[in-house]
Amino acid sequence: MIFDVDGDGRQEVVVPCSSTRTVYCLDGSSGAVEWETDQGYCIDSPPAVADLDGDGDLEVVNGTFNGHVFCLDADSGTVQWDRPLGSGSYIQSCPNVCDFDGDDKLEVVVAQWLGDCRVYCLDGVSGDIEWYSDAPQDNMYHGGSFADLDGDGLPEISIGCYDSNVYLLNGEDGSTEWTFFTASYACGPTSIADFDADGDLDVFYSTGSGVGVVENGGTGLWSVGTGGSVFRGAGVTNIDGDTIPDVIYGTSSGMLFARRGSAGELLWEMDLQAHYGNTFDIDHAPITGDFDGDGSIDVFVVGGYGTSSSPQDNHGRAYMLSAGPGTGPGWPMFRHDPVRSGCFEGGGTGIGTAPEVNGGPRLSIHPNPCRESFFVSVSFETAAGELSVYDLSGRCVFRSGTLTAGGPAERLTVETEGMGTGIYVLRLEAGTGTCSSLLTVIR
């Protein structure tokens, strides 16, 4: 995880290390160790970052072998809580962090490998169990993705399982909304977007031999074979210039594919194993964005061969490729954002997008994505207004102060110093009216 976890305006790198059983926080510019916490168990779980206890400071949460979930103070690494969920299990999933039950407090959702094979929802402040689901009947390695798929105002969690099913669970109590059979073990993490442009969110899944999309109600939209496992899921982005999200994913056989999200048509494919000239397992999820500032979407992906038993034989390569003439936000990190929502739309992060009302405040952002700065045009007819920018943990990173009412649209320049790569929510408030929009920052 690359993120400003201690609020000093500089990026840190949070790295769980399985062999030393330790989570390290490194200074992003120098690599110096800022803190390290020995958790006592091996770690395969990618961390999530959020303000779990609402005190204005961030926490880091991750799972471990022997069934533990740890919450650490992000500034010091001090253990805030440690929740055991069964010593016969492994929490290798990335935690999902959101207000899943609408009580204005964050919860943490994780899944088990072995043990009871359950999905657990934990209280973000104490780590206490709020609910668990017994619906999955086999192991789950990766975590879920979440968004409000059924329009009830609360997020649902989609997760793939080795029993060859994708489950959609209600976030408030863990009850099963629907189950979709994939015909192969659903090993990869799911991703959420409106892939068919019908106004409803859908679920992308990946298995040991294929990928596909499930429509909002649990019906298959499309599926294709892959000729290899897609273990780390897909990066979701618009790469063909239309307004519909597409998917980019890599396989264990070294193939990189880009497909239209609407029906799965192939946009392009690349045999990176042939280009590399050696075994090239793409065991890392692609990330996407306009990394070179040319107005098109690029994709960054890493592959190769790696083993802990004979590390002298390990090898690999990183590739940066031009993906296509797409626009809009990319997929800037594994599982999209620091709370691991896996949701391209941003609506499942726990920070909603307020609707614009007639005569109410309006805002527009350019460029988006951005790097060093961006422009915001705001307008509203009555009352004074204020523009705020929040990261996905809910922390305010910019506040404009009072803006003048009426007249032509006011244009603000906002510097991104202190903002790391990620998705941010801009919220304009004027009187009783509000509007909001999403911004992508790429550093």
Q: Specify which of the listed residues (Asp57, Asp73) is surrounded by fewer than 24 Cβ atoms within 10 Å (Cβ to Cβ) and modelled with pLDDT of 95 or more.
A: Asp73
Q. Here are Ser341, Ser262: which of them is polar (S, T, N, Q), under 30 Å from Arg395 (Cβ atoms) and in contact (Cβ under 8 Å) with a residue 60 or more places away in the chain?
A. Ser341
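The rows are residues; the columns are (1) at pLDDT 95 or above; (2) over 18 Å from Thr237 (Cα atoms); (3) in a strand (DSSP E or B); (4) over 17 Å from the mean Cα position of the chain (by Cα).
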site: Val166; (1), (2), (3), (4): yes, yes, yes, yes
site: Gly174; (1), (2), (3), (4): yes, yes, no, yes
site: Phe180; (1), (2), (3), (4): yes, yes, yes, yes
site: Ser184; (1), (2), (3), (4): no, yes, no, yes
site: Gly208; (1), (2), (3), (4): no, yes, no, yes
site: Gly217; (1), (2), (3), (4): no, yes, no, yes
Q: Provide a single number: the residues in the stretch 100-113 that are under 21 Å from Pro338 (Cβ atoms) and buried (at least 19 other Cβ atoms within 10 Å of the Cβ).
A: 7
**Q.** strands (runs of 3 or more DSSP E) within the stretch 1-60 that include 2 or more residues more than 27 Å from Phe100 (Cβ to Cβ)
**A.** 12-17, 22-27, 33-38
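Using the structure shown, decide if Asp44 is surrounded by fewer than 22 Cβ atoms within 10 Å (Cβ to Cβ) and within 23 Å of Ala285 (Cα to Cα).
yes
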Q | Residues that are among the hydrophobic types (A, V, I, L, M, F, W, C) and under 22 Å from the mean Cα position of the chain (by Cα), drawn from the stretch 1-37 | A | Met1, Ile2, Phe3, Val5, Val13, Val14, Val15, Cys17, Val23, Cys25, Leu26
**Q.** Neighbours by Cβ (under 6 Å, 6+ apart or cross-chain): first from the stretch 80-104, free of Cβ contacts under 8 Å to residues at least 60 places away in the same chain and at positive phi; second not in a loop (DSSP other than H, G, I, E, B) and not β-branched (Val, Ile, Thr)
**A.** Gly86/Gly67
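Which members of the stretch 296-313 meet the condition of being in contact with a Pro (Cβ under 8 Å, 6 or more places away or on another chain) and in contact (Cβ under 8 Å) with a residue 24 or more places away in the chain?
Matches in the stretch 296-313: Ser296, Ile297, Val299, Val301.
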**Q.** Residue in the stretch 278-319 that is surrounded by the most Cβ atoms within 10 Å (Cβ to Cβ), counting only those that are among the acidic types (Asp, Glu) and not in a loop (DSSP other than H, G, I, E, B)
**A.** Asp298
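The values are calculated or read from the model by the stated rules, or taken from the named source; none is laboratory data. This is a predicted model, so every value here is computed, not measured. Cβ coordinates were reconstructed from backbone atoms using ideal geometry, including for glycine residues, and neighbour counts include every protein chain displayed.
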